[in-house]
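Everything below concerns the one structure shown next.
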Amino acid sequence: MTRHKKIPPAYLKNPLHFLALGFGSGLAPRAPGTFGTLAAIPVYIGLASLNVWLFIGATLLICIAGIYICGYTSRALAVHDHPGIVLDEIAGYLITMIAIPFDWRWMILGFVLFRIFDIVKPWPISWLDKKVSGGFGIMIDDILAGVFSLICLQLIVYFL
């Protein structure tokens with residue numbers, strides 16, 4: 001396991017770092033990606049009452065802003081894709097939950113599916129994770145993991 005520079009809690013005073021670090025969830029000493037995805041659940045709950053197009057718009061805005069925000073924090077930490085940067089997990093989970101019925105069971109299944117795709121990183125997610133750098137590189141693998149999770153979750157919803 002690669003050791004990464006510990007992120008000082010003072011980083012949370014900067015609004016961009018606060019967002020990149022998933023409202024502080026990325027400071028978890030173990031499994032910050034999982035904690036970042038957990039931090040996405042209240043964001044999802046807050047957006048779930050929007051119509052689907054507004055939800056997609058908000059998710060797209062988070063994805064686009066995340067490219068800059070994650071790149072900014074990555075440069076400040078001098079580490080590409082530091083595990084504490086978890087805004088990409090938040091975006092990926094929101095993608096997973098597009099047009100899914102609002103129910104705690106779907107939230108949990110979406111969480112599990114997204115974590116599986118984010119951790120296992122099947123091709124082309126693994127390729128993007130290794131080959132694309134900067135803020136776009138930080139975001140794109142989780143965006144694609146979210147798309148894979150969305151497809152699986154939509155199929156499960158449809159067939160159940």
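General observations
- Of Gly66, Gly36, Gly84, Gly46, all but one fail to be exposed (fewer than 13 other Cβ atoms within 10 Å of the Cβ), modelled with pLDDT of 95 or more and under 21 Å from Ile143 (Cβ atoms); the exception is Gly46.
- Only listed residue being crowded, with 16+ Cβ neighbours inside 10 Å, at pLDDT below 95 and over 13 Å from the mean Cα position of the chain (by Cα), chosen from Leu128, Leu160: Leu128
- Residue pairs meeting the criteria (Cβ under 6 Å; at least 6 apart or on separate chains; first outside any helix (DSSP H, G or I), in the range 119-147; second β-branched (Val, Ile, Thr) and at pLDDT 95 or above): Val132/Ile140
- If only residues of the range 69-81 that are part of a loop (DSSP other than H, G, I, E, B) and not β-branched (Val, Ile, Thr) are counted, the one that is surrounded by the fewest Cβ atoms within 10 Å (Cβ to Cβ) is Ala78.
- Per this entry, Ile90 is counted among residues that are closer than 25 Å to Lys6 by Cβ and modelled with pLDDT of 95 or more.
- Candidate set from the range 40-73 (those that are more than 13 Å from the chain's Cα centre (by Cα) and hydroxyl-bearing (Ser, Thr, Tyr)); member that is nearest to Lys13 (Cα to Cα): Thr73
- Criterion (in contact (Cβ under 8 Å) with a residue 60 or more places away in the chain and either assigned to a loop (DSSP other than H, G, I, E, B) or closer than 19 Å to Gly137 by Cα (or both)) met by exactly one of Ile100, Ile41, Ile90: Ile90
- So Thr59, is it assigned to a helix (DSSP H, G or I) and in contact with a His (Cβ under 7 Å, 6 or more places away or on another chain): no
- His4 passes every criterion in (1) surrounded by fewer than 17 Cβ atoms within 10 Å (Cβ to Cβ); (2) at pLDDT 95 or above apart from (2).
- Some residue of the range 9-31 being in a helix (DSSP H, G or I), without any contact (Cβ under 8 Å) to a residue 12 or more places away in the chain and crowded, with 16+ Cβ neighbours inside 10 Å: yes
- Within the range 113-125, considering residues that are surrounded by fewer than 18 Cβ atoms within 10 Å (Cβ to Cβ) and under 13 Å from the mean Cα position of the chain (by Cα), the one farthest from Val157 (Cα to Cα): Ile119
The values are calculated or read from the model by the stated rules, or taken from the named source; none is laboratory data. What you are looking at is a predicted structure, and each value in this text was computed from that prediction instead of being measured. When we count neighbours, we look across all protein chains shown, and the Cβ atoms used for this are built from the backbone with ideal geometry, even at glycine.
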